[in-house]
Amino acid sequence: MNGCHLDPQGALGGNPLFALIFNVAAYVLPCWLAFVIAGLVIMLILINAVLLGAAIVSWGERRLLGRFQNRVGPNRWGPFGALQPIADLAKLITKEDIIPYGADRLAFTAVPVIMVASLLVATAVIPFAKDVALVDLNVGVLFILAVSSLTSIAIFTAGWASNNRYALFGAGRAVAVLISYEVPVVLSLLGVVIVAGSMSLGDIVVAQAVPFFLVQPLAFFVFLAGMSAELNRTPFDVAEAESEIIAGYHTEYSGIKFALIQAAEFGGALFVSGLIATLFLAGWAGPVADWLGWLWFLIKTFIGIFLFVWIRSTFPRLRLDQIMTVCWKFLMPLSFINLAVVTLEVYFLRDASGALSTADLWIMTAINIPVAVVSIAFFGWIIRQKVRDSSRTTAAASPVVRGVSTIEVG
Amino acid sequence: MTLAAIPGETLARRLQEATPDAVVEWDDAAVWVRPEAMASVAAFLHDDPDIDFAFLNAISAIDFVEHFELVYHLMSLAKEHTGVVRSRVYGREEPTAASVVNVWKGADFQEREIWDLMGIRFTGHPNMKRIMLWEGFDGHPLRKDFL
Amino acid sequence: MYGLEMAKGLLVTLTNLARKPFTTSYPEQRLKQHPRFRGEEFTWYEERCTGCASCAKYCPLGIIKIVTSPSETAPLQGDKYRLEVFDIELQRCMFCGLCVEACPYDALFMGSGFEEGQYKRTDLVISIDRLRQADKHPSTWFRPQLEGMEYKPGVSRPLGWREVGRENWRWHQREKAGMRLTGGNTNDRSAEDES
Amino acid sequence: MTIRTEPMTVNVGPQHPSTHGVFRVRITFDGEDIVEVEPVLGYLHRGTEKLAEERNYVQVVTLTDRLDYTSSMINNQAYCLAVEQLLGIEPPPRGKYLRTLAAELQRIASHLIAVGFFVQELGAFGTPLMYTFRSRERILDLFEMLCGARITVSYMRPGGVFSDAPTDFWPALDQFLDDFEGELEEIENLLLNNEILMVRTRGVSPLPADVAINCSVSGPVLRASGINWDWRKMAPYDAYDQVEFDVPVGNTGDNYDRFWVRMQEVRQSLRIVRQCIAQIEPGPVRLELPMVLRAEPGAEAYGRVEASKGELGFFLVSDGGVSPYRCKIRSPSLINLTITEHLLLGWKLADMIVSLGSVDINMGEVDR
């Protein structure tokens, strides 16, 4: 050591991998350079891990979807088609990069970069294993919400810059969905934060002596629904509904830009699954062996991805107004109920220091599961009336009708 | 059970009462009417409670070289009978017939198709444009003299 | 009840996850092909062909081109012509099989293959030489005599021209060779036994 | 504050993921609401009617395969009925039964496609489509046994069918019927009462009975509007007077009813197939006719069937020659499109595709 030392309280100080690289680099380099180098190296690792993960998810999703649909899925490249993402990438990179006539070149080009960047930045705070997050921010949840909202700007820019009407449709839809669903998602996360008593993702994992999907089933449900809407996944995939508006906001993208958007989407699926694992499935905490944390984390992430693919393979898509109805009239009340119930429970159950014991969590579980079932059933019953009511907005021009035939109708 | 077909004679008698001068001739299967009178004939056949031809099955056009013939296959869902009305259209330059689209909306595309492929113009049709081929196509392909 | 049907749907897809895929990975696996399959390349027996060009006349698209000249080698056969050209333009063929139906001498058969992709359109014309040299794996389409012997084009051996005809059939004994084939009772299996 | 908006015209098709071929509608949207609709046809126009005037009566059968290529058998049937009417002949009973059987199998296949794509357009990512195609493949295999081809079958001939079914066809058919019960149940479990599907289709784009009749709509679309009209019942052809089946009739004619009617018709077709198997008896399958047919000069015939899309009619006029003097095809898909405007106006972009899907058009038949 040539006198350099890392502040263990700093944002990156708690990361053992970063510390290792820093210390090695500090043998030969000045302190500031070692810090930069260590930062770059760890960023490189993260970026590649996330993009590789996105590639694996893209392959896994297609394989899984294939099996759900009773067919094989991609199987030409590599064992079980596992090299398919590489083939896709090679194809997309070598394709002509088309910018449509009349498009806003700068905005059009910036979109894929923003989408991938916001994804990567958000991934930085997810703890992959015990103490292995790039940074364990004490406002981790807030950070994720803030950074992932950048996507909606990118999507709208894409739709606007493409000079394509389908893209504009998609962008309008996407923004409407993203902004609306942000609200119940935030509210459901509030419940998580209240019980955990911290916004740091590391602390939230530690707080889950009982996984939060049991403690707060309502929040889990709302978060799952909200996130599948934010990811544009069935049944909320109106923004890129291919049977209606071709591909939505990325209709005009091709080549490497398309590859980046796809990477952001599949990476998004991976990120959200990881987030669900962290927030509701107790993250890296497993039944045995803390050093196997990465394995538990991967398994839980896979559960999330599997869930998304399963739902995607089964359900048709809702209409935009119905999605809005589901958001404001179904998920919103549910998240409010969850917030109120959890707040009351925490208020009455917490001990003097404000902490909750495992027994308290089990009590909450026992209360919250019936509450969840009842409120979902109740609001589901209400929504059933609301969603069906889809009155036409303008009168249809009726064809010429001359008298009604006397045939019996029925 | 098969559908009863109204003989041309019955149709002709009723039509002669309602729309005089429209009927040209008739045989067992069909009644021939003048093409200009087709709209009023259609309105009568549609509205008459005994005949009640509420449903237009098909309009066919045949090029017999010396004249075109329009064949209207009609039926009544309530009375469960069918009937055939025909019409001879003369002239090869600009043959015209009265449109029945105001009576049967279902004639819309069929009349446009006949105009497109056979070259019979229907007066009173709100949108007498070519349907299969593009505007500006030379000739009408289903005519016998089109090669 | 709200949500129950959706759960039922989820269950359906989950059961299908465990099921074997129903698709066929084409180049490695192949669909089982029925002997009646109307395949792309035609099977033609020059020995049986009289050059009557019934097939060419009956083809809805007119893609069979036949040129004949009087045969010097077999003058005793009378109606036998020497075939100079027998071209089938595959690029326009729609494999309706009417040519096979029209052939009164059982000289033309549908084939059994379907991999006839070529880089040039001219390569898609089956010439008389190719027809002569090809392995004879006739499809049993419209050839009940082949179905009667349970011939499987993909599996069984190639057939020679003596084996594919229906000479031992009743109608053939009743009528002269060269009559128009009329279908109908030709499918009557009992006719086979009386020869 | 008022926000200034302006209508936006979009060409939906001819290249669009879900326009059933090369159908094109020019639609003006106000936001997502449809305010103006104009169907544009003709991208697949091949002049079948003109071609038929230059083919002999049997050769035209091959053209009919290519009209509605999802229900070739029924097209064959309609044409052959028209020719038989023209010539005044009737096929032998076994031929009639084989035709009925093939047509009903084809109806199942066609409805499976219709349902699969309908749900695909609702946004289900391929799963219902794969399940319906799984069953349809089996039907196509059966067709391959019958006639050596899967889609362009050319199975039927004036005066019957070209050849009897091979011996291995019957066990394969039984096997299919047994398996298909389960597969159909699976599809029904997945779709028939699915809440999302209900919510998307119930009450959307209803078609009142009087409008349906006035627009000459036929087939499942007409029946979904509450009108009990099926040509198989009203004017039975081939062996339909020998079999029992029910005609499913909808209520309001909305998208769900159209979907529901098709699902029920699959069940009824299964019933008919089973009855055909039970009733069919050995015998000739085809009349002994010359290969080149001639009809009386001046003879005319309008043969129609209940095709999977609606009333399919062939109006044949003969001048005594070897080919029809005029062969008019009354195509259900084209005439069912008359209601496009009625179905779409005032509804949303997302409903547009679904409503078009629920009408189940086939461009091969629309443009001909």
Q.
Can you pull out every residue in the stretch D:159-215 that is touching a strand residue (DSSP E or B) at 6+ places or on another chain (Cβ under 6 Å) and of a type in the set (Gly, Ala, Ser)?
A. D:159, D:160
Q. So, of the residues in the stretch C:53-72 that are within 13 Å of chain D (Cβ to nearest Cβ), of a type outside the set (A, V, I, L, M) and part of a loop (DSSP other than H, G, I, E, B), which turns out to be surrounded by the most Cβ atoms within 10 Å (Cβ to Cβ)?
A. C:59
(Q) For the stretch D:243-260, give me the residue count where each residue is in contact (Cβ under 8 Å) with a residue 40 or more places away in the chain and either out of contact with any Gly (no Cβ under 6 Å at 6 or more places or on another chain) or more than 14 Å from chain A (Cβ to nearest Cβ) (or both). (A) 8
Q. Quick check, is residue B:58 of a type in the set (A, V, I, L, M, F, W, C) and closer than 15 Å to residue B:99 by Cβ?
A. no
Q: State all residues of the stretch A:63-101 that are within 14 Å of chain D (Cβ to nearest Cβ), out of contact with any Gly (no Cβ under 8 Å at 6 or more places or on another chain) and either of a type outside the set (D, E, K, R) or in a helix (DSSP H, G or I) (or both); if no residue qualifies, say none.
A: A:68, A:70
Q.
Looking at D:113, D:89, D:74, can you tell me which residue is surrounded by fewer than 24 Cβ atoms within 10 Å (Cβ to Cβ), within 22 Å of residue D:265 (Cα to Cα) and touching a residue at least 24 places away in the same chain (Cβ under 8 Å)?
A. D:113
(Q) Please go through the stretch D:149-194 and give me each residue that is assigned to a helix (DSSP H, G or I), within 8 Å of chain C (Cβ to nearest Cβ) and surrounded by fewer than 24 Cβ atoms within 10 Å (Cβ to Cβ), ordered by number. (A) D:186, D:189
Q: Take residue A:273 and decide whether it is closer than 27 Å to residue A:360 by Cβ, crowded, with 23+ Cβ neighbours inside 10 Å and not aromatic (Phe, Trp, Tyr).
A: no
Q.
Can you confirm whether residue C:25 is more than 8 Å from chain D (Cβ to nearest Cβ) and crowded, with 21+ Cβ neighbours inside 10 Å?
A. no
Q | Test: residue C:33 is assigned to a loop (DSSP other than H, G, I, E, B) and more than 8 Å from chain D (Cβ to nearest Cβ) | A | no
Q) Does the stretch D:116-136 hold any residues that are more than 17 Å from the chain's Cα centre (by Cα) and not hydroxyl-bearing (Ser, Thr, Tyr), and which are they? A) D:119, D:120, D:121, D:122, D:123, D:124, D:125, D:126, D:128, D:129, D:130, D:134
Q. Given the structure, is residue D:211 away from chain B (no Cβ under 11 Å) and aliphatic (A, V, I, L, M)?
A. no
**Q.** Leading residue by the ranking (nearest to residue D:293 (Cα to Cα)) among those in the stretch D:16-36 that are facing another protein chain (nearest Cβ under 9 Å) and surrounded by fewer than 20 Cβ atoms within 10 Å (Cβ to Cβ)
**A.** D:17
Q | Conditions (1) exposed (fewer than 15 other Cβ atoms within 10 Å of the Cβ); (2) at pLDDT 85 or above; (3) more than 14 Å from chain B (Cβ to nearest Cβ): number failed by residue D:58 | A | (1)
**Q.** Test result for residue C:19, in a loop (DSSP other than H, G, I, E, B), surrounded by fewer than 18 Cβ atoms within 10 Å (Cβ to Cβ) and within 11 Å of chain D (Cβ to nearest Cβ)
**A.** yes
Q.
Given the criterion buried (at least 24 other Cβ atoms within 10 Å of the Cβ) and more than 8 Å from every other protein chain (Cβ to nearest Cβ), identify the matching residue among D:101, D:146.
A. D:101
Q | Positions within the stretch D:121-130 being buried (at least 24 other Cβ atoms within 10 Å of the Cβ), touching a Ser or Thr at 6+ places or on another chain (Cβ under 9 Å) and assigned to a helix (DSSP H, G or I), in sequence order | A | D:121, D:122, D:127
**Q.** Residues satisfying the stated conditions in the stretch C:1-16, i.e. more than 8 Å from every other protein chain (Cβ to nearest Cβ) and assigned to a loop (DSSP other than H, G, I, E, B)
**A.** C:1
Q) Taking residue A:324, is it away from chain D (no Cβ under 14 Å) and either part of a helix (DSSP H, G or I) or closer than 19 Å to residue A:225 by Cβ (or both)? A) no
Q. Residues in the stretch D:222-251 that are surrounded by fewer than 19 Cβ atoms within 10 Å (Cβ to Cβ) and either hydroxyl-bearing (Ser, Thr, Tyr) or in a loop (DSSP other than H, G, I, E, B) (or both): how many?
A. 8
Q. Among B:25, B:9, which is the only one that is surrounded by fewer than 18 Cβ atoms within 10 Å (Cβ to Cβ), at pLDDT below 85 and not polar (S, T, N, Q)?
A. B:9
Q) For the stretch A:178-269, list the helices (runs of 4 or more DSSP H) that sit wholly inside it and hold at least 3 residues that are at pLDDT below 85 and farther than 22 Å from residue A:363 by Cβ; which are they? A) A:242-245
**Q.** Test: residue in the stretch B:96-108 that is part of a strand (DSSP E or B), buried (at least 24 other Cβ atoms within 10 Å of the Cβ), within 12 Å of chain D (Cβ to nearest Cβ) and touching a Phe, Trp or Tyr at 6+ places or on another chain (Cβ under 8 Å)
**A.** no
Q: Considering only residues that are touching an Asp or Glu at 6+ places or on another chain (Cβ under 9 Å) and part of a helix (DSSP H, G or I), look in the stretch B:112-147 and name the one that is nearest to residue B:87 (Cα to Cα).
A: B:118
Q: Taking residue D:157 as the residue in question, decide whether it is of a type in the set (Lys, Arg), over 30 Å from residue C:11 (Cα atoms) and more than 19 Å from the chain's Cα centre (by Cα).
A: yes
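The values are calculated or read from the model by the stated rules, or taken from the named source; none is laboratory data. These numbers were taken from a predicted model, which means no experiment stands behind them. Don't worry about glycine lacking a Cβ; one is built from the backbone with ideal geometry, like all the others, and counts go over all protein chains shown.
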